[in-house]
Amino acid sequence: QVQLVESGGGLVQAGGSLRLSCAASGSIFSFNRMGWYRQAPGKGRERVGILARGGSTDYADSVKGRFTISRDNAKNTVYLQMNSLKPDDTAVYYCNAVEVVVAGHRDIEYDYWGQGTQVTVSS
């Protein structure tokens, strides 16, 4: 059973920085992609950014230029570096991992989620 454990959330002033970590229970190379999502109070879950196995990244327009996803393969950990934080970034941040398994002629996608970590940005 895959486990993802996030850490690094907290309270920060606007303009500050935080780094979130997502530690996987196994090799992160087993995942086709990993990413970060967030959910603010009263809103749906929003994709923040993803990191593909090959190293390419994609970010939501709202965080481009401010957030960066990276990984440490030796530690089986993915990071989300968040700079120039804004009050609108306040949310619970979730780590996600996707594993695609080929079964015959079908691709089966397995989705894994962490428990979430709270990020609060004060104005």
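Some points to look at:
- Accessible surface, the chain, averaged per residue in Å² (probe 1.4 Å): 54
- Note on the chain: with a GNM built from Cα contacts shorter than 10 Å, the maximum mean-square fluctuation among 109, 46, 99 falls on 109.
- A straight line joining the Cα centroids of segment 73-123 and segment 1-47 runs 4 Å.
- Rel. contact order, % - alpha carbon contacts under 8 angstrom, at least six apart, segment 73-123: 42
- For residue 83, net neighbour charge (Lys/Arg +1, Asp/Glu -1) across residues whose Cβ lies under 10 Å away: +2
- If R0 equals 41 Å, the separation of the Cβ atoms of residue 17 and residue 105 corresponds to a calculated FRET efficiency of about 0.30.
- Straight-line reach from residue 86: taking Cα to Cα under 28 Å and skipping same-chain neighbours fewer than 8 places apart, the lysines in range are 43, 64.
- Accessible surface of the chain, 1.4 Å probe, proportion on carbon and sulfur as whole %: 46
- Neighbourhood charge, 15 Å Cβ-Cβ cut-off, centred on residue 17 and excluding it, Lys, Arg +1 and Asp, Glu -1: +2
- Considering only alpha-carbon pairs that sit under 8 angstrom and 6 or more positions apart, the relative contact order computed for the chain is 35 percent.
- Compactness check for the chain: Cα Rg over 2.2 N^0.38 Å is 1.06.
The values are calculated or read from the model by the stated rules, or taken from the named source; none is laboratory data. It should be emphasised that the depicted structure is a prediction, and the values quoted were computed from it without experimental measurement. Cβ coordinates were reconstructed from backbone atoms using ideal geometry, including for glycine residues, and neighbour counts include every protein chain displayed. Keep in mind that these areas ignore ligands, DNA and RNA; they rest on the heavy atoms of the full protein, side chains included. Shrake-Rupley method; radii C 1.70, N 1.55, O 1.52, S 1.80 Å.
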